[in-house]
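The values are calculated or read from the model by the stated rules, or taken from the named source; none is laboratory data. Keep in mind that this is a model prediction, so the values were computed, not measured. Please note: Cβ atoms are built from the backbone with ideal geometry, for glycine as well, and neighbour counts cover all protein chains shown.
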Amino acid sequence: MYEEVKERMRFDSEELKRKFMEGIDRLAKRMRKVKMKLAVMSGKGGVGKSTVAGLLAVHYGRKGYKTGVMDCDFWGSSIPKIFGVDRKKPVLGEEYIEPVYTDKWGIAVMSIQFFLPSPESPLMWRGPMVSGVIRDLLAKTEWGELDYLIFDLPPGTGDVPITILQEIRPNGVILVATPQELTTTIVEKALKMSQELETAVVGLIENMSYYECPQCGHREYVFGKGRVSEMASKYRIGFYLELPIDPALTRLCDSGKIEMYEIDPFEFFPI
Ligand SMILES: Nc1ncnc2c1ncn2[C@@H]1O[C@H](COP(=O)(O)OP(=O)(O)O)[C@@H](O)[C@H]1O
Ligand SMILES: [Mg+2]
Ligand SMILES: [Zn+2]
């Protein structure tokens, strides 16, 4: 796979080419030490993609798996914040970068946010540049042997998601949508993309699906019901999940304590 990527690239100079090739080799070597890679995707921002990526990492961390999260959403980075590690700094070695580890389950976190003087900095970067930085950061990070590495991708099907799917070849993609926007188009787009890039969609999450009344336990499907299961069976997606609106979850994410969330929505996730 990595050979294919190398062949497809064109370079302005031999020096650039050599550097790129070295980077790809290093990346391949690092990624061989990760058993399972899962990418979390969505059609747009604000649907709970990072929350789902975080919950998935917590699911594995809690079970005792060596788990990492790679924040690839440079324009909407929130992984360091929801894990409460946004004030930590990764340790820089000469050839490697030590990821930051979360307090409770020791989940390894990497994000470009750790290196920025202010959160606004990357706004003027272009897609291809960001892809290059992600590739670099991912290759330089000393993840060690990991059981699971979760990628929080930026929304949509732009440059970064394509790069990750193409070069990392995750074992599966998990799709997050809200009921209002859970239209055939978004699911189809993502499915088509992952098909083209030979990565299976292994999960479909309808986030903010319903609200459960704390008094009587009644589930109110605020935006309508049942679309996620329809989609999942229509497109033969093995795992689907309705994730309720939970103010406790918002609070924990806002205060950097997602690891303290007691509910595990991924309890029956088969991967
Ligand atoms: N199921 C949920 N219940 C309550 N709040 C949620 C839920 N999912 C996401 N949120 C909140 O919605 C906001 C956006 O979620 P986030 O995961 O950052 O979205 P994205 O990564 O798609 O931009 C955050 O404040 C988050 O805490
Ligand atoms: Mg996000
Ligand atoms: Zn009620």
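A few points about this structure:
- Candidate set from the stretch 40-65 (those that are within 12 Å of ligand 1 (Cβ to nearest atom) and of a type in the set (Gly, Ala, Ser)); member that is farthest from Thr250 (Cα to Cα): Gly43
- Test result for Gly127, at pLDDT below 95, in contact with a Phe, Trp or Tyr (Cβ under 9 Å, 6 or more places away or on another chain) and more than 23 Å from Leu249 (Cα to Cα): no
- The criterion of at least 1 residues that are within 20 Å of His59 (Cβ to Cβ) is met, among helices (runs of 4 or more DSSP H) falling completely within the stretch 157-271, by 227-234, 247-254.
- Residue in the stretch 14-23 that is in contact (Cβ under 8 Å) with a residue 40 or more places away in the chain and away from ligand 1 (no atom under 16 Å from the Cβ) present: yes
- Criterion: surrounded by fewer than 19 Cβ atoms within 10 Å (Cβ to Cβ) and in contact with a strand residue (DSSP E or B) (Cβ under 7 Å, 6 or more places away or on another chain) - qualifying residue of Lys33, Lys17: Lys33
- Criterion violated by Tyr148 - all others in (1) among the hydroxyl-bearing types (Ser, Thr, Tyr); (2) at pLDDT 85 or above; (3) surrounded by fewer than 22 Cβ atoms within 10 Å (Cβ to Cβ); (4) not in a loop (DSSP other than H, G, I, E, B) satisfied: (3)
- Within the stretch 230-248, the residues that satisfy the criterion of being among the small types (Gly, Ala, Ser) and either within 16 Å of ligand 3 (Cβ to nearest atom) or in contact (Cβ under 8 Å) with a residue 12 or more places away in the chain (or both) are Ala232, Gly238, Ala248.
- Top-ranked residue of the stretch 216-237 - restricted to ones that are modelled with pLDDT of 90 or more and touching a Pro at 6+ places or on another chain (Cβ under 9 Å), ranked as farthest from Leu204 (Cα to Cα): Arg219
- Residues considered: Glu198, Glu220, Glu212, Glu181. Of these, the only one that is within 16 Å of ligand 3 (Cβ to nearest atom) and touching a residue at least 24 places away in the same chain (Cβ under 8 Å) is Glu212.
- When residues of the stretch 56-73 are limited to those that are over 12 Å from Thr102 (Cβ atoms) and surrounded by fewer than 24 Cβ atoms within 10 Å (Cβ to Cβ), the one nearest to ligand 2 (Cβ to nearest atom): His59
- Every listed requirement among (1) more than 21 Å from Ile150 (Cβ to Cβ); (2) in contact with a Lys or Arg (Cβ under 7 Å, 6 or more places away or on another chain) is met by Glu259 save one, (1).
- Contacts under 6 angstrom Cβ, first residue in the stretch 27-40 being closer than 24 Å to Val52 by Cα, partner among the hydroxyl-bearing types (Ser, Thr, Tyr), 6 or more apart: Met36/Tyr148
- Taken as a whole, the condition of being modelled with pLDDT of 85 or more, in contact with a Cys (Cβ under 8 Å, 6 or more places away or on another chain), closer than 21 Å to Gly84 by Cβ and not acidic (Asp, Glu) does not apply to Gly48.
- Where helices (runs of 4 or more DSSP H) fall wholly inside the stretch 39-140, the ranges with 2 or more residues that are of a type in the set (Ser, Thr, Tyr) and closer than 22 Å to Ile164 by Cα are 49-62.
- Cβ-Cβ under 8 Å pairs, at least 6 apart or on other chains, the stretch 257-271 side more than 12 Å from Leu55 (Cβ to Cβ) and among the charged types (D, E, K, R), far side in a loop (DSSP other than H, G, I, E, B) and modelled with pLDDT of 95 or more: Lys257/Gly84
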